[in-house]
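The values are calculated or read from the model by the stated rules, or taken from the named source; none is laboratory data. For clarity, every value in this text was computed on a predicted model and none was experimentally measured. For neighbour counting, all protein chains shown are included, and Cβ atoms are generated from backbone atoms with ideal geometry for every residue, glycine included. These accessible areas exclude ligands, DNA and RNA; they are computed on the full protein's heavy atoms, side chains included. Shrake-Rupley method; radii C 1.70, N 1.55, O 1.52, S 1.80 Å.
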Amino acid sequence: MRRKLVAGNWKMNGSLAALVELDAIAGAASRTPTVDVAMAVPATLIAPAVARALGLMVGAQDVHGAPSGPHTGCLSAAMVREAGARFTIVGHSERRADQGETDADVRAKAARGHEQGLSIILCVGETLAQREAGRAEAVVTAQLNGSLPEVFDGAWLSIAYEPVWAIGTGRVPSVGDVAAMHATIRATLATGIGQRASAVRILYGGSVTPNNAADLLMTDNVDGALVGGASLTAGSFMPIIAAAAAISEGRPAK
Ligand code: PGA
């Protein structure tokens, strides 16, 4: 049985003052032992967040694919680890689009992060044009095959399926489409590591809110959520944690 993981992603938002939100979220996390709760904060907030948000897994939003070197402005996996990060997101579609990150870049980032003992949330997802052309599953499968590290397992790797057109838009795929994509991702993982693929958590991300979280989290092969906008305040993130906990504990989630 896979434990559900509810991960937030503050993107380029937040400040020291905003860490009061994290205090409240960490409090909720410590009261829900059946669910793993994580927050990817801006790198400048990793150390202060770790210092005060006990009980919450704090992580980074990206690491470089090289262990060190002449990469002005970038951060290595060892650096974010030293700051206290326990995981990192890699391959977010905003970085694939804004920074031109390729699947090979994402694979290197995941491998460097794992070498440093970080858990990895590896993001994949199709654009609207790709979905409308009927290519969503082919695109996501190719992204996965290109960006999965050569060796991986569910002890440290999670996949986040995030349709690009659902991120920050309020649009969400049907639960049927999410189930189909997550099944495809599970099958793709199994071609690499066989039975052990059943231990890899597959998160859904893209406009997850307190209103739709329960339906998404009850869907087959949805083992958690990666949440952007709704992770910025405790008021909108805590109900998503609560929905995951209710489902995990067999209670009504809505
Ligand atoms: P959103 O972002 O929840 O604001 O749509 C999700 C993400 O980009 O991870």
State whether the residues of the range 38-56 include one that is in a loop (DSSP other than H, G, I, E, B), under 30 Å from Glu249 (Cα atoms) and touching a Lys or Arg at 6+ places or on another chain (Cβ under 7 Å). no
List every residue pair whose Cβ atoms sit under 6 Å apart, with the two residues 6 or more apart in sequence or on different chains, where the first one lies in the range 198-217 and is under 19 Å from Phe152 (Cβ atoms) and away from the ligand (no atom under 11 Å from the Cβ) and the second, anywhere, is of a type in the set (Val, Ile, Thr) and open to solvent by less than 50 Å² (accessible area, probe 1.4 Å). Ile202/Ile159; Ile202/Ile185
Scanning the range 167-202 for residues that are at pLDDT below 95 and more than 16 Å from Leu148 (Cα to Cα) gives Gln195
Would it be correct to say that Val178 is farther than 19 Å from Val90 by Cβ, aliphatic (A, V, I, L, M) and assigned to a helix (DSSP H, G or I)? yes
